[in-house]
Amino acid sequence: MLQPQAVVRNALTIGRESVTVFLTDVGHGLLDVSHSMLAMVGLAVVAGALFMGSQDELRDTLEARAWGWLEARHLARSGGEDLAAVAETDPTSAGTINTSSTADLADLTRAQANVARWIVRRYHVAPEPVARLVQESWTVGQRTGIEPTLILSVMAIESSFNPFAQSPVGAQGLMQVMTKIHSDKYESYGGHLAAFDPVSNLRVGVLVLKECITKAGGLSDGLRFYVGAGANDDDGGYAAKVIAEQDLLKRVAAGQNISPTIAPVIAKVAPAPAAVPVPVAAPAAAASESTAHAAASEQTAQATSSTPERERVALAP
């Protein structure tokens with residue numbers, strides 16, 4: 001007869017062997033399943049690659065979505081800042097930018113939609129990008145205290161809503177900002193190439209325009225500073241043209257039926273009073289820009305009043 005200790009030892013031995021066999025079988029089973037799953041994943045990848053290679057449209061869509069996701073991640077990590085939508089005292093407190101370059105006219109208010117449709121007919125441009133610019137002008141205008149119709153009128157005179165416009169002296173984009181002079185303002189938008197992004201150019205241009213108006217103490221003189229004629233009484237009629245265009249946009253926003261082919265009534269703007277201080281061209285960059293603006297102003301003065309003034313540039317503050 002077996003002793004109790006021997007029975008216990010036999011039971012433990014049998015139990016260990018059973019557990020070992022069970023774990024070994026489970027491991028072999030998991031290994032087989034893993035091999036099968038990897039084989040299936042490999043086949044699925046090969047099939048997907050072959051399918052994508054034959055579907056150009058689908059591939060382009062997926063690439064665009066992937067690029068958009070990467071772009072959004074980059075902005076989130078870099079903390080992209082809305083430079084033109086903040087007060088001059090705190091240029092880093094605004095939120096991230098909306099990178100969309102188009103908008104639906106149906107999403108605009110009645111006044112905004114009136115202005116967008118009129119600009120589309122007047123300047124022969126696409127409605128979706130213009131709707132986005134109008135929408136952005138209203139948003140930035142509310143935050144900076146600059147009237148949205150003024151922002152749009154500057155774009156109209158400067159570039160005729162051509163985001164790729166460039167003057168011989170280096171003014172670029174919708175609002176013809178001197179990118180080399182204001183390159184620091186584009187840093188949060190990804191660098192100087194953002195000058196050709198419509199929304200980024202708009203926001204930087206508004207920031208420069210606000211600085212010019214603040215420095216000059218008034219709209220007309222601020223526009224002179226913006227175009228680089230702050231030290232002169234004659235700006236080639238630039239301020240008057242912008243103000244006349246803004247008057248049309250105000251009337252359109254109010255619901256008036258204004259023909260898109262109408263010529264704006266340009267009033268003569270009184271010259272700047274002698275008491276207005278002349279900005280000191282201390283930095284070398286400012287001095288070089290003033291020289292460039294003088295050349296641009298002389299060229300523009302020879303153009304007819306109906307020609308869009310794409311030679312105009314933004315004066316560095």
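The values are calculated or read from the model by the stated rules, or taken from the named source; none is laboratory data. It should be emphasised that the depicted structure is a prediction, and the values quoted were computed from it without experimental measurement. Cβ coordinates were reconstructed from backbone atoms using ideal geometry, including for glycine residues, and neighbour counts include every protein chain displayed.
Table for the structure above
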read-out	value
Failed condition for residue 251, given (1) in a helix (DSSP H, G or I); (2) of a type in the set (D, E, K, R); (3) in contact (Cβ under 8 Å) with a residue 40 or more places away in the chain	(3)
Test for residue 194: is it under 19 Å from residue 242 (Cα atoms) and of a type outside the set (Asp, Glu)	no
Neighbours by Cβ (under 7 Å, 6+ apart or cross-chain): first from the range 128-151, of a type in the set (Asp, Glu); second assigned to a helix (DSSP H, G or I)	136/199; 136/202; 147/141
Helices (runs of 4 or more DSSP H) lying entirely in the range 97-172 (those with 3 or more residues that are within 21 Å of residue 190 (Cβ to Cβ), assigned by TED's automatic domain parsing to the domain that holds residue 214 and out of contact with any strand residue (DSSP E or B) (no Cβ under 7 Å at 6 or more places or on another chain))	127-144
Residues that are farther than 14 Å from residue 253 by Cβ and among the aromatic types (Phe, Trp, Tyr), drawn from the range 109-159	123
Looking only at the range 234-244, and only at residues there that are assigned to a helix (DSSP H, G or I) and surrounded by fewer than 21 Cβ atoms within 10 Å (Cβ to Cβ), the one that is modelled with the lowest pLDDT	240
Pairs with Cβ under 9 Å, 6+ apart, first in the range 159-184 and of a type in the set (D, E, K, R), second surrounded by 20 or more Cβ atoms within 10 Å (Cβ to Cβ)	180/289
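Let's see how each residue does on (1) out of contact with any strand residue (DSSP E or B) (no Cβ under 9 Å at 6 or more places or on another chain); (2) of a type in the set (A, V, I, L, M); (3) modelled with pLDDT under 80:
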{"residue": "201", "(1), (2), (3)": "no, no, no"}
{"residue": "208", "(1), (2), (3)": "no, yes, no"}
{"residue": "220", "(1), (2), (3)": "yes, no, no"}
{"residue": "246", "(1), (2), (3)": "yes, no, no"}
{"residue": "275", "(1), (2), (3)": "yes, yes, yes"}
{"residue": "287", "(1), (2), (3)": "yes, yes, yes"}
{"residue": "300", "(1), (2), (3)": "yes, no, yes"}
